[in-house]
Structures are given as structure tokens and as C-alpha cells.
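I have a structure I would like to understand better, so I am pasting it below and will then ask my questions one at a time.
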Amino acid sequence: MKRRISSIGMVCVVTVVLIFTLSLTAQAVEWKMALGDASGGTQWEVGTQFAKLLEKHSNGKITVALFPNGQLGSEQETVQNCRLGTLDLAVVAINNVTPFSPKVGLLTLPYMILSLEDAVKLTQGPIGQQLTEDTIKAAGVRILGWAYSGFRVLTNSKRPVRRVKDLKGLVIRVPKNAIMIATYKAWGINPTPMAWDETFTALQQKVVDGQDNPYITNYVMKFYEVQKYVTNIRYLFSLEPLIISEGLFQRQSPETQKILLAAGKEASEHCRQFIIAKEDGIKKELVKLGMQIDDPADNEKEFIERATKKVWPKFYKSIGGKDKVAETLKMLGREFPF
Ligand code: MLT
């Protein structure tokens, strides 16, 4: 009799453990996050911080596995996959979202953002909120947070570039982004549009001579191994949104949605502090590694004049009208530059 009771007890314990394990398995999920850059940069920083916060506030129900270095495809492919729902999350440069959501082109207009403060004001204020909504509609992805990566500086393997005319004859890779292509055309050259994950090899094999990206990206991607000259231009501040598939977001409970939004916001602030703490040191490190950094001549006047006058009017329509540009400038406390 005693034996019978103890074996019934055993069955009960096993059943409870099994039910508990099954229910945990049913509830706990692991999401995939694609990153275009190598680990150690701002994409990695915003992504890991977001993952930590999400795991903590969901009580371990949602974990995130990060896939850096374009392992899950080019940045534009990963935006497309989030839109289709075959990928959960990604951190990509804003210029790689613009082809799917033309209105965010406002943030890639050359010399629109002139400082980290401008970048934060635009992304965290009503304009950023509006762009998030536009992107949900146009691209099927929701921006949860932002990596702030610094200005994109120009690098090349051939010679110092200080004036617009020094660009002549250089083959420069740009992302497949119409505004960036138009900017280099305004500077007098025909750039080579190319996906991010092909760029290092193209520089190494000298298919192209140069490219532009922030100091931190040039550093984590080891571009100092294949590039010598840096021009400290400030035409584009690199913003890198952390996006989630809108379908996935909509399937979450209101409580989880709140956690996702809060984790994105907190991770953005973390990244803002990270770039402030890191950028100067990285610049020095790049010099130690053999890069030569030059400032553009005349306070960049010629670069600025050509890029604004010739490029902005071409994109007023796609970014929501000239009034949108005026509203943005007003918010930043500036006048039209031409
Ligand atoms: C690009 O140049 O395509 C991107 O800015 C690269 C990046 O995401 O760091």
C-alpha cells in the first residue's frame, strides 16, 4: 500500500514538473536581432542594452539573440525581412530605411543635423514620433529606439581630401540611398552605390577607393586596415534606428508593448552617453593605427553650399514638402541655409 502511494506521489511530481517546464517553454521566446556592423559599435551597444532591459522587464519571457556583421543579410534586406515578419528586430543605419520609408529622408538631408543635440531633439521629439508613424505605414516596421553614431566622415586610400575638387577621380562607395548619391553628385563625382556588407571587401580589393561612415563604425569595421585618409566632414549625422517587425509588435500584449517602448527609449539614452564617452578616444586610436585626419578647408563652406542648394530641393516632395523642412529647421532654431 505504502509503495503504491509513493509511486502515485512520484507520478504527480513528474507531471507537475512536466507541466511547469512545458508552460515555461510555451511562454519563453527568443527573438533574433540583425546588426549590419561588427560587435563593439553603437548598433551593438543599443542592441545589447535593449536586450538586457527586455529580458529583465519581461521576467525572462523574451530574450534576444544578436547577429552582428551582416550575418542575417545586408541592412536593406534585414529591413525588408522585418517588414515581411521573417525577422524580429534589426539595427540599421537610417539611410538604409529611407528607401522603404522616404519621409525619413528628412534625417538624411545633408547638413540638416549639425550636432548630437540636434539628432536627439529630432528623434526624441514630435518629428521623430511622426517619422516613426510614417515608417510603420510605409515600411511595416516600428522604430523602438535609436543608436547615435556620430557624423559620417569620408575615408579613402589614395590622398587627403580637403576641398570638393580633391574628390575628382576618386571612386566612392555610398549606400543605396538616393539622397546620398545626389550629394556626391553635387560634389562633382558619380559615387558607387553598394550594400554595406560588401563594402570592406570592395575597399580591400580596391574596387572602390573610399566610403563614408562614423569614426566608431570605421573603427569596429577595421577600415583602418584598408583606408588611410579621413576627411572630417559633417554632412550626415549617423542615426541608426532599432526596428521591430510591426506584425510582431501588434501581436504582443499591451503590457509587453509598453516594455518594448520603454526598453527602446532607455537603450537610446544609454547609446547617447556611450558615443559621448567613446568618440574622441576612437579618433585618437585611429590616428595611432595610421590614419591621417584632415579638416575640410574653409570650414566646409563649399561642401555645405553645394550639398544643400543642389540636393535639398530635389527631395522636398519625397520627405513631405518644403514646409516640413522649414518646420524642422525652426524646431532646431535655424534658418534655411540658402
Ligand atoms: C552604410 O554605410 O550602409 C551604413 O551606414 C553602415 C552601418 O550601418 O554602419
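Just the number, please: percent antiparallel of the DSSP beta bridges in the chain, rounded to the nearest 5.
Around 55 percent of the beta bridges assigned by DSSP in the chain are antiparallel ones.
Moving on to the next point. Assigning unit charges at the beta carbon (Lys, Arg +1; Asp, Glu -1) and nothing else, what dipole magnitude in debye, to the nearest 20, does the chain show about its Cα centre?
Computed charge dipole of the chain: roughly 320 debye.
When the accessible area of the chain is computed with all protein chains present and a 1.4 Å probe, what percentage of it is carbon and sulfur?
Result for the chain: 54 percent of the exposed heavy-atom area is carbon or sulfur.
Something else: Which angle between 0 and 90 degrees, to the nearest 10, do you get for helix 75-84 versus the longest principal axis of the chain when only C-alpha atoms count?
The helix 75-84 is inclined about 40 degrees to the chain.
Please list GLU302, GLU198, GLU335, GLU246 from largest to smallest accessible area, probe radius 1.4 Å, with all protein chains kept in place.
GLU335, GLU198, GLU302, GLU246
On to the next question. At 1.4 Å probe size, with every protein chain present, just tell me what the per residue accessible area of the chain comes to in Å².
I get 47 Å² per residue for this part.
For helix 254-288, what angle does its Cα long axis make with the longest principal axis of the chain, in degrees from 0 to 90 and rounded to 10?
40 degrees
Further question: Please report, to two decimal places, log10 I(q)/I(0) for the chain at q = 0.11 Å⁻¹ as given by the Debye formula with identical point scatterers on the Cα atoms and no solvent.
Values, matching the q order: -0.70.
Under a plain spin-label model, where a point goes 7 Å from the Cα along Cα-to-Cβ, how far apart in nm are GLN129 and TYR316?
The modelled label-to-label distance comes out at 2.8 nm.
What is the helix-to-structure angle for 126-139, meaning the angle in degrees between its Cα long axis and the longest Cα principal axis of the chain, kept from 0 to 90 and rounded to the nearest 10?
70 degrees
Can I ask one more? Would you mind getting the Kirkwood hydrodynamic radius of the range 80-234 from its Cα pairs, rounded to one decimal in Å?
Taking every pair of different Cα atoms in the range 80-234, averaging 1/r and inverting gives 16.5 Å.
Let me ask something else about it. Counting only C-alpha contacts under 8 Å and six or more residues apart, can you give the relative contact order of the chain as a whole percent? Mind dumping the intermediate values first?
Numbers: 601 pairs, mean separation 81.9, N = 338.
Once normalised by length, the contact order is 24 percent.
Roughly how much of LYS284 is accessible, in Å² to the nearest 10, using a 1.4 Å probe?
Taking all protein chains as shown, LYS284 has close to 140 Å².
What number, rounded to the nearest 500 deg cm²/dmol, is the helix-based mean residue ellipticity at 222 nm of the chain, given -39500 (n - 2.57) per DSSP H run of at least four residues and division by all its residues?
Taken over the chain, the calculation gives -15500 deg cm²/dmol.
The values are calculated or read from the model by the stated rules, or taken from the named source; none is laboratory data. Since this is a predicted model, take the numbers as computed values, not measurements. Every residue, glycine among them, receives a Cβ derived from its backbone with ideal geometry; neighbour counts consider all protein chains shown. Calculation scope for accessible area: heavy atoms of the full protein, side chains included, ligands and nucleic acids excluded. Shrake-Rupley method; radii C 1.70, N 1.55, O 1.52, S 1.80 Å.
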